[in-house]
Structure formats: structure tokens, C-alpha cells
Amino acid sequence: MDNGPALPDSLVLEIFLRLPHDTVLSAGLACRQWLAVSRDEFLWRELFYSYYRIPRSVPRHPAALSWYREFKRLFDCIPCVEVQTLKEHHDQVLHLAFSHRGHRFSSCSKDCTVKLWDTERPDGTITMVHSSSMRQFNWGYTQFSQFNGDDTLLLVSGVYLGPHHSSSGEIAVINLENYTLLSRVRNKPYDVFGCWLNETHLISGNLHWIGNMTSCSVLWLNKAFQDVESENVNVVKRLFKIQNINASTIRTVMVAHCRRHDSPDLLLDYEAQAQSQPLSHQPLLFDLGTTDSEEEEEDEERRREMRLQGLSTAHLPQLTPSGLEHVIQGRHSEAPEARELETKWAQLMARAHTKAPDPNVLSSAPGDEEDKTYLLFTTGSLTYSPHQIGIKRIMPDQMTTSGPVLGEERSTDEFFDSLDHVIDIHGHIIGMGLSPDHRYLYVNSRAWPAGCVISDPMSPPPIAEEIDLHVIDLKSLREERRSLRAHRAFTPNDECFFIFLDVSRDFVASGAEDKHGYIWDRHYNICLARLQHDDVVNSVAFSPADQELLLSASDDSTIKVWRSPRMVRLAHAPRPRPRNLLSWLGRNKNATSNNGEL
């Protein structure tokens, strides 16, 4: 073709614009001219928007070097190729967690074991290196795990089976050098899960019922090594004591370390997109205990700890009337007027005995910003199903068990701590995950019908089958842009369970009840891949060392390992033979002597 008359570049470009991207790449191999046109930036910009169906108002990510490379990143670097299936668990696998280095990960299951896996084998396969059964401690199953900051300790959360089949939670800390158990901490309700505050301290919860629909949640700071160093150092210290109403409880605690000098890693300037696709529901942001309208909202009864946020009956053991069940039973025997009276009394008690919020705790003067540590959790005020995200700042002097216990800095009238901020999701929250820089919180929720009114806190609105994935900026404390959607769940409100999601630098992934995991691009808000299992997908996890490696865990008792097409191709590419140093030196010597003769 190089010897014949060449078509004008503009005509070749017009032809390429009407071809699929793979055909364009193949045509580019025909000749130099077509190769040059096949790398044209305008061409790949058009192919990018049309193939991924992204609104043209969305700009290219600032870090992208070219439209061609950005197309290739979304096409070739998504961990969507199944390379291994791990079958060492013998029951539903509920949660996965990577170490911060990415060299190991842990898995929790209804078979009541926590297993550790190695990801650094030379052949690229993943193998199990340790398994611990928690049945000896009277656990029903393990449900959550988390590595501490330096990957030396593992927090394992599970369901503890008490007398008369009652159940609460318990947290165990395992030393990863010799796999010995360092400490055990009671955790109630069990779907508080627990989390690390730093390398040596973890947070747990406890629930105390004050009335039939009213309780208080106490959040505890615990030393991982529960030895007694001195009589002046506490092993455990109360962090916060928060009142709950309408049968609600605090659940799913996590810690966010927000840096003062970070820059947003998302494209947040979507004005045109926001105008063309407005949010169907704008989240309600307010401060607890500050408005009359909020007091009116709290006039509903609170939810019971027995329906706990909802791990379904397939995921949880049956609880006895010692827990939230006594509230559910009381609902049938108690008149609505009596429940309203209890809620009114709880509101009056909160106003009289709650420490006033500090208006400066979340805000900073310009140029005077500082690193902040937030405790995040799910809660509620209208019904027992978790529909709000509570935010409480942890001050530097609260990050150790030494010093005064909770209450010594208060007046004698103050029983409870106020929340610093609340974000209402207007639906049942079933999952949360932080971006790697802790700037953004991703929230899985199943929406309530628009405009619904909750008249009975024990009868929450029906929830949608579609799962919405919300993005919340923890600096501005507001939702950024429309929610992501593609995955689904089918269980009703009183049975829906937690679906763990995970976030990497460029992607966010989540499980679903439709037997698939899903991957979205964080910057363009598009779903890129569906990962198939034989049953509900409960958890996903990106490797922090390589976002092209993803794990998914399912009720089918397996863990699947997914890698990107690029990594699979590199793994199967023939490796170049190592050169023989002696023959190379011999060839160079002969070449030198020949040159000398010339």
C-alpha cells in the first residue's frame, strides 16, 4: 500500500471514526499513514465517549496522558479475568481484608474460621498460610477482620454465642508473627464490627437499653495488648456515650484519617453533568440536637437491636428476647401512645443531659487547617433500620487509654455526647468503604420511596431492589454527584445484610445479591465489569499494592481471584532467555579484533 496513491488523512480519519476500536487498531498495522491516524487524539476522544457512553460534559481525568491511554486503561487494566478459585472455606465467606502492604489478606466465614493467605508467591498463585478456628471461644462465626497499620496484628470480629442461645459480638486480636491470641473484647451489637484507631488501640461498642425503644451506645477504646503496664495506664477507656431513639443502634464503626493538605482525587467539577442529571434525592445534612424540626423527626420510636442492621436470617443466628427482640415483642403489646410517650421522654432527656456540640470541631479557619480523625458509623433517628451516617471527631488526647475516663471533663448533668454531624441517606445502608486517602466515603444503600413518611419506627418503608452507591466528601461533609448504580439486592428490609465494598485509586467495587461483583471507575461513574459467582457476593477487596488484583467472596463458599487482562497477558508472555555472559564477551572480543584488522 505504501507504493499506491494514499488517501488523505482526513478521509482515513472519517473512516476510522465509524469503526470499532479493535478494528481501528488492526487497521493501523497496515501502513505508516494508517498507524499515525490510528493514534490520533481526536479519534480516540470520540471512541472513548461513544464506547463507554460517558456524557461529553465529563472531562478527561487530569492525570491521563492521552485519550488513547485512557481508553486502554479502562479496557485493559480492570481486574475482570478469573485466574484462581480458592475453596478452603466450607461455608459462606463473609468478608475479605488485605494487609496494608498487600502481601497478605484474611478471610472470614460462617465456618467460624479466619484464614490468612499469601499473595507473593513467585508463580503468582495465592495460597493459604494459616487458619484459626474460633469455635473454641464459643463463637458462631467470624464476620469481619482488619490489619493494623503496620500489619503486625489482625482484628477479627465475630458473633459470640452466649447462654440460652443469646448472641452478642466479640473482637479478638491475633499476633501475626506467631498467630497467638493477644486479647478478646466484647462487642455489642455484633455488627458494630470494631476497627483499629491506630497500631495499638482498637474501638469496640456496647449497647445498654434504657427503655423499650431507647438505648445508649458506649464506644470503647481498647489496648490490643491487654497487659497492665502500670496502675496509671488503663487497658480500656470509654470514648463516647451516645443516646439512641426509636430502636436504633450504632453499627459499623470505622475511622477516617483526613489529611489537611490532600487534593481531591476525583473529578468533582461536573456542573454540566449535574444539571443534566440532577440527584433524585439530595441528602439531608444537619447537626443533632440543634433544630426543632429534628426534634420532631425524633418523635418516632427506635429500632431494635434484634434486627441488627440487617444481616439476614441466612447470615445470622437466631437471637433471643434478651436483645432487640424484647422491643419487637413489646411493640405488639404496647400501645402507640405509650411508644410516643417514651420517645418524647427520650428527647427531653437528651436535651437535658447531652453535652453541647462544639461548632468549631469540624470547621477550621482558612490557612489553619489540621489533620483530623473522624469516627464514622451508621445510625438512625426515624426507624430501626440504619439510614444515617454519624460523624464524631476524635481529638488527639482521646487516642490513648491513659488519662481521665469519660465523664471527668463534663458537668454532672451531662450523660451523653452529641454527634458532630449526621448525613441522612434516605434509605437502608448496607455497606461503607473509604477511599485510600480517606477523603471520600462510599456508601451502599437501598433507597426508600421518594416522599415516604415513617409513622411507625418498627415499620420502615419498603426498600428498592437497586443498590445506590453514594460518594461523600469528608472535607465538605456532603454528597458529591449522583450515585452509582448497577447492582441489586432482593431481601426485605428486616432481612437485608451487609455487603462490603472496597475502593482503590481508580476503581470502586461491591458485591450484590444477584450473584455478581461489580467494578466502577471512580472518575467517570461508569460500571466496567461484572464478576460472576454461583451465589450472593458478600465482599470484595482490591490489593493496596496493585489495583489490578481483586478478590471476591461469596455464599458459594469460594474466594475468586481476578486480575486485569494486561496482567494475565504479561504472566503468559514468553520470558526472554538470559544472555550467556561468556558467549557475549567472546562475540565482543572477536568483533574488536576484526575491527582492528580493518
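The values are calculated or read from the model by the stated rules, or taken from the named source; none is laboratory data. Owing to the predicted nature of the structure, the values given are computational and were not obtained by experimental measurement. Here Cβ is always computed from backbone atoms with ideal geometry, including for glycine, and neighbour counts include all displayed protein chains. Ligands, DNA and RNA are excluded from the accessible area calculation, which covers all protein heavy atoms including side chains. Shrake-Rupley method; radii C 1.70, N 1.55, O 1.52, S 1.80 Å.
If the condition is being part of a strand (DSSP E or B) and under 14 Å from the mean Cα position of the chain (by Cα), then the range 538-549 contributes N538, S539, V540, A541, F542, S543.
Pick from Y384, Y374: which is farther than 25 Å from E495 by Cβ, modelled with pLDDT of 70 or more and open to solvent by less than 60 Å² (accessible area, probe 1.4 Å)? Step by step, each of Y384, Y374 is checked, and only Y374 is farther than 25 Å from E495 by Cβ, modelled with pLDDT of 70 or more and open to solvent by less than 60 Å² (accessible area, probe 1.4 Å). Looking for something over 14 Å from the mean Cα position of the chain (by Cα), over 30 Å from Q92 (Cβ atoms) and modelled with pLDDT under 95 - is there at least one such residue anywhere in the range 497-509? So far as the range 497-509 goes, no, none of its residues is over 14 Å from the mean Cα position of the chain (by Cα), over 30 Å from Q92 (Cβ atoms) and modelled with pLDDT under 95.
Exactly one residue out of E480, E465, E495 is in contact with a Leu (Cβ under 6 Å, 6 or more places away or on another chain) and of a type in the set (D, E, K, R), and it is E480. The single residue among A571, A486, A512 that is assigned to a strand (DSSP E or B) and small (G, A, S) turns out to be A486.
Per-residue answers, yes or no, for (1) touching a Lys or Arg at 6+ places or on another chain (Cβ under 7 Å); (2) charged (D, E, K, R); (3) more than 20 Å from G433 (Cβ to Cβ):
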| site | (1), (2), (3) |
| --- | --- |
| H95 | no, no, no |
| G102 | no, no, no |
| C112 | yes, no, yes |
| T125 | no, no, yes |
| G149 | no, no, no |
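Restricting the search to helices (runs of 4 or more DSSP H) fully inside the range 28-142 and requiring at least 1 residues that are charged (D, E, K, R) and in contact (Cβ under 8 Å) with a residue 60 or more places away in the chain gives 67-76. Among the candidates A591, A573, A529, the residue that is within 20 Å of K72 (Cβ to Cβ) and at pLDDT below 90 is uniquely A573. Could you pull out the residue among I242, I171 that is of a type in the set (A, V, I, L, M, F, W, C), open to solvent by less than 40 Å² (accessible area, probe 1.4 Å), at pLDDT 90 or above and within 21 Å of the chain's Cα centre (by Cα)? Being of a type in the set (A, V, I, L, M, F, W, C), open to solvent by less than 40 Å² (accessible area, probe 1.4 Å), at pLDDT 90 or above and within 21 Å of the chain's Cα centre (by Cα) holds for just one of I242, I171, which is I171. Scanning the range 96-106 turns up no residue that is surrounded by 17 or more Cβ atoms within 10 Å (Cβ to Cβ), at pLDDT 95 or above and farther than 29 Å from D150 by Cβ.
Yes or no, residue by residue, for (1) polar (S, T, N, Q); (2) out of contact with any helix residue (DSSP H, G or I) (no Cβ under 7 Å at 6 or more places or on another chain):
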| position | (1), (2) |
| --- | --- |
| I171 | no, yes |
| H208 | no, yes |
| G211 | no, no |
| N222 | yes, yes |
